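Chemist: My questions will all concern the structure given below.
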Amino acid sequence: MKNADYADLFKGKITANNNKDLPLAARMRPQNLSEFAGQEHILAKGKLLRRAIEADSLSSVIFYGPPGVGKTSLAACIGKVTKSYFENVNAVSCGVDELRKIIRDAKMRKIRFGQKTILFIDEVHRFNKAQQDVLMPDVEEASVILIGATVENPFFYLIPPLVSRSLVFELKALSEDNIKFILRRALNDKKNGFGNIKITITEEALNFLAKICEGDARRALGALEIAVRSSAAENEKKALIKIGLDIAEESVQRKAVVYGGKGDAHYDAASAFIKSMRGSDPDSALYWMAKMLYAGEDPRFIARRICILAAEDVGNADPLALVLAQAALQVAEFVGMPEARIPLAQACIYVSCAPKSNASYLAIDKAYKDIEKERTQEVPDHLKDASYSGAKSLGRGKGYKYAHDYPGHYVSQKYTTKKARYYEPQDLGYEAKIKKRMEKLRAEEK
């Protein structure tokens, strides 16, 4: 559908009566806030956004959240109830020239008629810096009221001045009850939905669609439309369409996992994966890893996360963890998917179940801080390289004690001019043995 058609749809000029080709999800957009499902955390009675919409006193806002949760539908509701002129563009197809014309017209409209202009920009994260810069002065001066919709975190994708001049509202994935409400409304709506068709749907099928769509109303409505239209085509002579679990499953085919390659969903899943391994919960770690792999994540990305955690959070409590993680990385690269999931799972489970110590991580961080803040130490003469001609005359290596010449292959001597304690081994796993030995050696130093 063209942008102009969407604009007419927002203003109520296109309905199911004059455009049957519209997808069910587009036809079933809520006409007002009472039809809007979900997002009670920002739209419940008395909430700031609800009050601003109902009072027609909305300032610039940015809606962000996963697909199909109501960002565009909420903008459509605002477009229908507001007294402001409503402009609707998509960032993919809107250039700087078009943007400047819209702003110019908005200023003229405000001067001549005293009417505000709401500019709805879908996929606003796709605007480059130049396009965002064009918007900035007019958003600040309220020449236009911006409503931006994005699936990406605006704090990452939009310039800070634009974000700071807008209220940011995060829309959450819809609950199963929200989805069922939307599906039932579509089945009963005679104007825009399937209310004029005799349809029965089992509770099992309804529950399946509500669960499988992962909070995405557009996906749920799309599956329902496929189920109804395919059933109607197969049963032209029957007056009743029956939708059971088998038809619902066929209408969905493959479950779509919400997982963006660079967005919140990507980093949130990776974060949950890492924290589950750190928390010694192999089952949760496997779940998040399976989600990432199912969604098409590069197995090397996952293997690298396991390697980092094996060193940072397991460390010397179980040195084999890093060896196994490295092996999983190499095997994953060698065999590829889908078999790569098996060595990755093995490494994930091992690292999750291993005793934990972040002593190595803390030690290198402390050393880094000393290098950064303290005066850099010079290498003591007895440790300097003495292999070249003339080194002896400079005193290089003089007084150095070769550890293997002493009992236990250890001798106390200074290895830095200013002694600092960085490594503090823990009492878990193999590191407990390291701790015991280091305590003995450090006692001999005294």
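Coordinate-derived values only; no laboratory data. Quick caveat: nothing in here was measured; it's all calculated off a predicted structure. So basically every Cβ, Gly included, is an ideal-geometry build from the backbone, and we count neighbours across all protein chains shown.
Chemist: Which whole-angstrom value gives the distance between the alpha carbon centres of the stretch 83-130 and the stretch 142-201?
Modeler: 20
Chemist: Using Cβ contacts closer than 10 Å as the measure, can you line up 430, 402 from fewest to most?
Modeler: 402, 430
Chemist: GluC sites (Glu not before Pro), restricted to the stretch 391-446: which are DSSP loop and have at most 16 other Cβ atoms within 10 Å?
Modeler: Answer by residue number: there is no such site.
Chemist: While we're on this one: Most fluctuating residue of 116, 83, 369 in a GNM of the chain with Cα springs under 10 Å: which is it?
Modeler: Of 116, 83, 369, the most mobile in the Gaussian network model is 369.
Chemist: Here's something else I'd like to know. Pull out a ≥ b ≥ c, the square roots of the eigenvalues of the alpha-carbon gyration tensor of the stretch 77-147, then state rounded if a/c is under 1.5, prolate if not and a/b is larger than b/c, and oblate in the remaining case.
Modeler: It comes out oblate by the Cα gyration axes.
Chemist: What pairs in 190/211; 384/419; 83/107 have C-alpha atoms more than 20 Å from each other?
Modeler: Checking Cα-Cα distances, 190/211 exceed 20 Å.
Chemist: Rounded if a/c is under 1.5, else prolate if a/b is larger than b/c, else oblate: which is the stretch 291-443, with a ≥ b ≥ c the root eigenvalues of its Cα gyration tensor?
Modeler: prolate
Chemist: Also, quick follow-up: Return the single residue from 30, 355, 161 with maximal mean-square fluctuation; model: Gaussian network over the chain, springs between Cα atoms under 10 Å.
Modeler: Result: 161 has the largest fluctuation of those listed.
Chemist: What is the angle, in °, between the Cα long axis of helix 176-188 and the longest principal axis of the Cα atoms in the chain? Nearest 10 is fine, range 0 to 90.
Modeler: 20
Chemist: Please report how far the C-alpha centroid of the stretch 332-407 lies from that of the stretch 16-82, rounded to the nearest whole angstrom.
Modeler: 57
Chemist: Loop-only check: which trypsin sites (Lys or Arg not before Pro) in the stretch 165-205 are DSSP coil with at most 13 other Cβ within 10 angstrom?
Modeler: 190, 191, 198
Chemist: Amide H to amide H under 5 Å from residue 199: which residues, 5+ apart in sequence or cross-chain, H placed 1.01 Å off N in plane?
Modeler: It is 241, by chain and number.
Chemist: Between the helical axis of 282-294 and the dominant principal axis of the chain, each derived from Cα atoms, what acute angle in degrees is found, rounded to the nearest 10?
Modeler: 60
Chemist: Taking other Cβ within 10 Å of each residue's Cβ, how do 208, 120 sort, fewest first?
Modeler: Fewest-to-most ranking of 208, 120: 208, 120.
Chemist: Which ³J(HN,Hα) values in Hz, rounded to whole numbers, follow from the phi angles of the stretch 364-369 under the Karplus curve 6.51 cos²θ - 1.76 cosθ + 1.60, where θ = phi - 60° and Gly and Pro get x?
Modeler: 5, 5, 5, 5, 4, 5
Chemist: Please arrange 353, 94, 213 by counting, for each residue, the other beta carbons lying within 10 Å of its beta carbon, fewest first.
Modeler: Final ranking by Cβ density, sparse to dense: 353, 94, 213.
Chemist: Shape call for the stretch 31-170 from the C-alpha gyration tensor, a ≥ b ≥ c root eigenvalues: rounded (a/c under 1.5), prolate (a/b greater than b/c) or oblate?
Modeler: Note, shape of the stretch 31-170 comes out oblate.
Chemist: In addition: Too long at a 20 Å Cα-Cα cut-off: which of 80/172; 369/418; 80/101; 275/366; 291/356; 71/172?
Modeler: Listed pairs above 20 Å: 80/172; 80/101; 275/366; 291/356.
Chemist: Hey, what angle do you get for helix 217-234 against the long axis of the chain, alpha-carbon based, 0 to 90 degrees rounded to 10?
Modeler: Value to nearest ten degrees: 50.
Chemist: Can you match semi-axes √(5λ) of the Cα gyration tensor in Å to one of these, [x] 36, 27, 21; [y] 60, 32, 17; [z] 51, 25, 21, based on a calculation from the structure here?
Modeler: Read-out taken from this structure: [y].
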